[in-house]
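> I have a structure I would like to understand better, so I am pasting it below and will then ask my questions one at a time.
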Amino acid sequence: MTDHNERVVLAATPEGEPQPGHFCLEQTPLPEAALGEVLCRTRYLSLDPYMRSQISGRHISGGVSPGEVMRGETVAEVVADTSGHFSAGQLVRCMGGWQRYSRHAPADVSPLPEGLSAPSLALSLLGMTGLTAWAGMVWQAQVEAGDTVLIPAVTGGVGSAAAQFCRERGARVIGIAGGADKCHWAESELRVEACIDRHQEDIGDRLKTLAPQGIDVYFDLIGGPLLQLACEHLANYGRVVLCGLMAEYNSATRQAGPPPGLLIMKRAVVSGLVVYDYEARREEFVQACLPLLDAGRISQREDVSEGLATAPEAFCRLMSGDNFGKVIIKV
Ligand SMILES: NC(=O)c1ccc[n+]([C@@H]2O[C@H](COP(=O)([O-])OP(=O)(O)OC[C@H]3O[C@@H](n4cnc5c(N)ncnc54)[C@H](OP(=O)(O)O)[C@@H]3O)[C@@H](O)[C@H]2O)c1
């Protein structure tokens, strides 16, 4: 254990795409856990697009202002626990933030699922991004054999989990990704039926060929013009799960959605997804997912950078779409 804390604070609120200079690494005194608190040392930090909304002050979990430490979910090692709930050295999940040490009330600290082959899975496939994918595709859209499902950002945290869950349920999955390498990986490793390169191909033209009968389920992780295009290609009674706005987070304005007349014509069912609503069902999800993971049927590609100092650059890559897999910082 060192004698100081290291943390990344927001230096300035970005307009447009964030740059590493919007963040600042600083050293502060080691936090001291009060009686009944748990002191944790971060091992892995999850970087997620919702942080872009937090630093703009428009996320449902609240905002982060300049001078404040960046928030985030972590896998951490318990250094000391005066509450008696955890043992020193135990790995736990908590909202440690972009910092080396953090202190928590015991109710805000969770043990990791048992039998994890890698602790960072508690932040990715078996963590928040996996739960989001399961909630969207299994609980909300109720994807089943025979469905044709369209998933953008298919090599990312949520997208790659969703593609594998849908495939395991017998659905046909069409992915969208940025670049030939990502598309190749989606077809060979995620085993999606086809992956459309959003930088090189006309998505509408490809969908006409790949899904002439229409798409049954669109998992919207992107927003922007792709949402309307996907709705134009919906089959009648298609389901759309609205989950994220990757195409819009860096912008101060938000796009209008597809016209209601289009959704009426398609008899579409559109639902919004907030993963926090599914926290109470996390264990049910983990128990359904672990056997698939243990059997080698699903896996997680992680985009890992080493050291807290790399977090700003890794976050900026995520927000420009250059990440390849779930973004994790190994601290
Ligand atoms: N509602 C919820 O509760 C909830 C929970 C978790 C996540 N989410 C949302 O789910 C989405 C995916 O999150 P994630 O953590 O899994 O991130 P991710 O997919 O690992 O990374 C984001 C990906 O989005 C794509 N992208 C970036 N900019 C884009 C643009 N302008 N147009 C189209 N695609 C773009 C890029 O993939 P390509 O370059 O390969 O296209 C990029 O790799 C985000 O919108 C996030 O906010 C929502």
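> Exactly one of (1) outside the structural domain of Ala133 (by TED's automatic domain parsing); (2) more than 10 Å from the ligand (Cβ to nearest atom); (3) surrounded by fewer than 19 Cβ atoms within 10 Å (Cβ to Cβ); (4) under 19 Å from the mean Cα position of the chain (by Cα) is unmet by Leu292. Its number?
All conditions are met except number (4).
> Pairs needed: first member in the stretch 314-331, on the phi > 0 side of the Ramachandran plot and touching a residue at least 60 places away in the same chain (Cβ under 8 Å); second member anywhere, more than 10 Å from the ligand (Cβ to nearest atom) and in a loop (DSSP other than H, G, I, E, B); C-beta distance under 9 Å; at least 6 residues apart or different chains.
Listed by first residue and then by second, the contacts come to Gly325/Gln300.
> Pick from the stretch 147-168 the residues that are more than 15 Å from the chain's Cα centre (by Cα) and without any contact (Cβ under 8 Å) to a residue 60 or more places away in the chain: which of them is surrounded by the most Cβ atoms within 10 Å (Cβ to Cβ)?
Cys166
> Please enumerate the residues belonging to the stretch 187-208 that are outside any loop (DSSP other than H, G, I, E, B), within 12 Å of the ligand (Cβ to nearest atom) and under 21 Å from the mean Cα position of the chain (by Cα).
If the condition is that a residue be outside any loop (DSSP other than H, G, I, E, B), within 12 Å of the ligand (Cβ to nearest atom) and under 21 Å from the mean Cα position of the chain (by Cα), then Cys195, Ile196, Asp197 are the ones that fit.
> Only one of these is within 16 Å of the ligand (Cβ to nearest atom) and touching a Cys at 6+ places or on another chain (Cβ under 8 Å): Ile329, Ile298. Name it.
Selected residue: Ile298, the only one of Ile329, Ile298 that is within 16 Å of the ligand (Cβ to nearest atom) and touching a Cys at 6+ places or on another chain (Cβ under 8 Å).
> Quick one: Glu77 ticks every box in (1) at pLDDT 95 or above; (2) farther than 26 Å from Glu302 by Cα bar one, so which box is it?
So the condition that Glu77 fails would be (2).
> Another question, then. Whether any residue in the stretch 259-272 is within 20 Å of Ala122 (Cβ to Cβ), surrounded by fewer than 19 Cβ atoms within 10 Å (Cβ to Cβ) and either in the same structural domain as Gly156 (by TED's automatic domain parsing) or within 14 Å of the ligand (Cβ to nearest atom) (or both) is what I want to check.
Checked against the condition, which is being within 20 Å of Ala122 (Cβ to Cβ), surrounded by fewer than 19 Cβ atoms within 10 Å (Cβ to Cβ) and either in the same structural domain as Gly156 (by TED's automatic domain parsing) or within 14 Å of the ligand (Cβ to nearest atom) (or both), the stretch 259-272 yields no hits at all.
> Please indicate, with yes or no, whether at least one residue in the stretch 221-230 is in the same structural domain as Trp134 (by TED's automatic domain parsing), closer than 21 Å to Val143 by Cα, touching a residue at least 12 places away in the same chain (Cβ under 8 Å) and touching a strand residue (DSSP E or B) at 6+ places or on another chain (Cβ under 7 Å).
Checked the stretch 221-230: at least one residue is in the same structural domain as Trp134 (by TED's automatic domain parsing), closer than 21 Å to Val143 by Cα, touching a residue at least 12 places away in the same chain (Cβ under 8 Å) and touching a strand residue (DSSP E or B) at 6+ places or on another chain (Cβ under 7 Å).
> A further question follows. Could you identify the single residue in Leu308, Leu318, Leu273 that is more than 19 Å from Pro113 (Cβ to Cβ) and touching an Asp or Glu at 6+ places or on another chain (Cβ under 6 Å)?
Working: Leu318 fails: touching an Asp or Glu at 6+ places or on another chain (Cβ under 6 Å); Leu273 fails: touching an Asp or Glu at 6+ places or on another chain (Cβ under 6 Å).
Selected residue: Leu308, the only one of Leu308, Leu318, Leu273 that is more than 19 Å from Pro113 (Cβ to Cβ) and touching an Asp or Glu at 6+ places or on another chain (Cβ under 6 Å).
> Let me ask another. In the stretch 169-186, which residues are surrounded by 16 or more Cβ atoms within 10 Å (Cβ to Cβ) and either within 14 Å of the ligand (Cβ to nearest atom) or not in a loop (DSSP other than H, G, I, E, B) (or both)?
Passing the criteria: Arg172, Val173, Ile174, Gly175, Ile176, Ala177, Gly178, Gly179, Lys182, Cys183, Trp185, Ala186.
The values are calculated or read from the model by the stated rules, or taken from the named source; none is laboratory data. In this text the structure is predicted, and so the values were computed from the model without any measurement. As a convention, Cβ positions derive from the backbone with ideal geometry for all residues, glycine included, and neighbour counts pool all protein chains shown.
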